[in-house]
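Derivation of every value follows stated rules applied to the coordinates shown; laboratory data play no part. Computed from a predicted structure; not experimentally measured. Cβ placement follows ideal geometry from the backbone for every residue including glycine, while neighbour counts extend to all protein chains displayed.
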Amino acid sequence: MHHFEYKNGQFHCEDVPLSKIAEEVGTPFYCYSHATLHRHFTVFDKAFEKVPHTICFAVKANSNLAVLRLFAKEGGGADVVSGGELFRALKAGVPADKIVYAGVGKTKEEIRQALDVGILMFNVESSQELLAIDTVAAKMGVKAPIALRINPAVDPKTHPYISTGLKTSKFGISYDSAMDEYRHAVSMENIEVVGVHKHIGSQITLVSPFVDALEKTLDVVKNLEEEGIGIRYIDIGGGLGIPYKDEAPPHPKELADNIIPMLEKTGLHIIFEPGRVIAGNAGALVTRVLYTKENEEKIFFIVDAGMNDLVRPSLYDSYQHVAPVEESVGLRRKISSDVVGPICESGDFLARDRVLPEFKPGDLMAVMSAGAYGFTMSSNYNSRPRVPEVLVKDDSYDVIRDRENYDDLVKGERIPSYLK
Ligand SMILES: *Cc1c(COP(=O)(O)O)cnc(C)c1O
């Protein structure tokens, strides 16, 4: 459920017409609904109320400070995958002891940063990384809390680029070598083993991969117990999918009904790392049609947002629903069309081979389900300033990130003296 709907012929985010924001802020822009973000967080939280848990929002899905702050105020933590994300989470007011840190390529400097502020735990992805954490912790005279990220070799049945728990994935430590690595970890002077972690992929629309992966993870927990290696946390990652089109992913409650019985038995504190399921359908990218162009096959709607602003359609060939902001536009004749951006690449499209109403230059379009992996994956390609982000609450809105300007584009660049 989300809070984007037509009222009086105009597409609204909560009680604000998107056309009003477009007029005042310009296009394109990302628009998020406070009520939807809040609701999705709460629904997830409630679904798992039977087990002691912390929801560590996956910062890479939407890393705006205001959005992170919103979840922090709900008692949430953060799942970070870089020093930059750690910086953001802390700046947004997420308590350090609710931050978990995954990622296959943590640098020593990033490890030092995380130890310095006292994060909840590192989710360690390799034996060399474990060694690096031990070394850095020793230098600082502290003990580093860690979980090992177990790769359970379970197919999440999603897009290959976002499958992370396959045998062939770069992520995690193989299930078979998990115990050896744990024995190694407990022998290290400056490592404190506190948990087990797994995360098998994103946009998962079935319950079974979660159950299968959790079973294997719980095997590891049992083996740890048998060897007297005490832990406090099971971090089961994120990955729950959302309906972009006609997918029917499990409701958090359904996932909870299936896995709570398994989790309850452990008596451990559960960490969740949802990203997409919380933020995805809480946001839209609003763009304006600049031109239309017709050939024998179809019509192109050339809009002012491109693949640099929203890369999911190009990168994953993914579907994002397109809605006219003016409801009456939806009544126009429907034609086979592509929605394309201004970028000099044929892969620059927001929608391809769609049957859409005949948009005209000047019409506004909302590209839906853009609240996760939208702005965060945007770039300056073609020297396009990144677009603003707006957060709507009830009948008002705030610009929570300014539109970049041309000076932002060249910030930090300089011409060597021999070229002057
Ligand atoms: C990306 C990621 C997540 C979030 O995935 P979603 O599909 O957005 O829920 C959680 N944990 C880790 C380690 C990740 O890399």
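How much length, in nm to one decimal, is gained on full extension between Val117 and Thr292, taken as 0.36 nm per residue of separation minus their Cα-Cα distance? The partial results should precede the final answer.
Values: separation 175, 0.36 × 175 = 63.00 nm, distance 5.26 nm.
Extra length from Val117 to Thr292 when fully extended: 57.7 nm.
Would you mind computing, in nm to one decimal, how far apart the modelled labels at Glu358 and Asp398 are, each placed 7 Å from Cα along Cα→Cβ?
4.4 nm
Show which aspartates and glutamates lie in cross-link reach of Lys393 when reach means a straight Cα distance below 14 angstrom and same-chain residues fewer than eight apart are skipped.
Correct list for Lys393: Glu14, Asp15.
Positive end of the dipole of the chain, charges at C-beta (+1 Lys, Arg; -1 Asp, Glu), about the Cα centre: which of Asn223, Ala323, Thr287 has its Cα farthest in that direction?
Thr287
Taking the Cα of Met262, stepping 7 Å toward and past its beta carbon, and measuring to each backbone N in the range 140-172: which are under 13 Å?
Answer for this model: 152-156.
Can you check how the C-alpha radius of gyration of the chain compares to 2.2 N^0.38 Å, as a plain ratio?
So the chain has a normalised radius of gyration of 1.04.
Ordered by residue, what ³J(HN,Hα) values in Hz, to whole numbers, does the range 171-177 give under the Karplus form 6.51 cos²θ - 1.76 cosθ + 1.60, where θ = phi - 60° and Gly and Pro are x?
Result, rounded to whole Hz: 8, x, 10, 4, 3, 5, 9.
Given a 10 angstrom Cα cut-off, can you work out which residue in Arg276, Arg149, Arg39 is the most mobile in a GNM of the chain?
Arg39
Roughly speaking, what is the centre-to-centre gap between the range 62-83 and the range 323-392 when only Cα atoms are used, to the nearest Å?
Cα centroid of the range 62-83 versus Cα centroid of the range 323-392: 27 Å apart.
Relative to the Cα centre, what is the charge dipole magnitude of the range 34-279, using +1 at the beta carbon of each Lys and Arg, -1 at the beta carbon of each Asp and Glu, and rounding to the nearest 20 debye?
Details: 27 positive and 31 negative charges, 159 e Å.
So the dipole magnitude of the range 34-279 works out to roughly 760 debye.
Less than 28 Å apart at the alpha-carbon level, and either on another chain or at least 8 residues along: which lysines does that give for Lys108?
By straight Cα distance, Lys108 reaches Lys60, Lys91, Lys98, Lys139, Lys143, Lys167, Lys170, Lys198, Lys411.
Give the lysines whose C-alpha is closer than 18 Å to that of Lys46, dropping any in the same chain fewer than 8 places away, or say none.
Cross-link targets: Lys73, Lys253.
Roughly how many nanometres apart are two label points built 7 Å out from the Cα toward the Cβ at Lys170 and Thr376?
1.7 nm
Under 19 Å from the 7 Å Cα→Cβ point of Lys7, by amide nitrogen: which residues of the range 36-68?
Answer for this model: 36-40.
Can you give the relative contact order of the range 34-279 as a percent, counting alpha carbon pairs under 8 Å and 6+ residues apart? Kindly include the intermediate steps, with their values, before the conclusion.
Values: 495 pairs, mean separation 52.5, N = 246.
Here the relative contact order equals 21 percent.
Go ahead and collect, in residue order, the members of the range 143-175 whose backbone nitrogen is under 19 Å from a label point 7 Å along the Cα-Cβ direction of Val211.
152-158
Which of Pro357, Pro156, Pro324 ends up with the largest GNM mean-square fluctuation for the chain, with Cα atoms connected below 10 Å?
Taking springs between Cα atoms under 10 Å, the residue moving most is Pro357.
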